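Here is the structure we will look at, set down as structure tokens.
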Amino acid sequence: MEKIENPDEPIPFMQQLLDNPFILLFLGVMVPMVVYTLWGVIDILTVPLAR
């Protein structure tokens, strides 16, 4: 049986997200930037103090 799609049905959020190339570009730049920044801050904070 073939499913008949209802044109009034709202588009799911994940489909809207994955269909937008600008949001994907933004996430592809921001997620690594935030992760590496946090990694660097944690790395600096874990360096022992000099005497």
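Within region 32-42, is even one residue outside any helix (DSSP H, G or I) and either modelled with pLDDT under 95 or open to solvent by 80 Å² or more (accessible area, probe 1.4 Å) (or both)?
No, because not a single residue in region 32-42 is outside any helix (DSSP H, G or I) and either modelled with pLDDT under 95 or open to solvent by 80 Å² or more (accessible area, probe 1.4 Å) (or both).
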inquiry  = Taking the criterion of being surrounded by fewer than 10 Cβ atoms within 10 Å (Cβ to Cβ), in a loop (DSSP other than H, G, I, E, B) and either among the charged types (D, E, K, R) or without any contact (Cβ under 8 Å) to a residue 60 or more places away in the chain (or both), would at least one residue in region 11-30 satisfy it?
reply    = yes
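The values are calculated or read from the model by the stated rules, or taken from the named source; none is laboratory data. Computed from a predicted model, the values in this text were never measured in an experiment. Neighbour counts are summed over all protein chains in view; Cβ atoms, including those assigned to glycine, are modelled from backbone coordinates with ideal geometry. Accessible surface areas use protein heavy atoms only, side chains included; no ligands, DNA or RNA. Shrake-Rupley method; radii C 1.70, N 1.55, O 1.52, S 1.80 Å.
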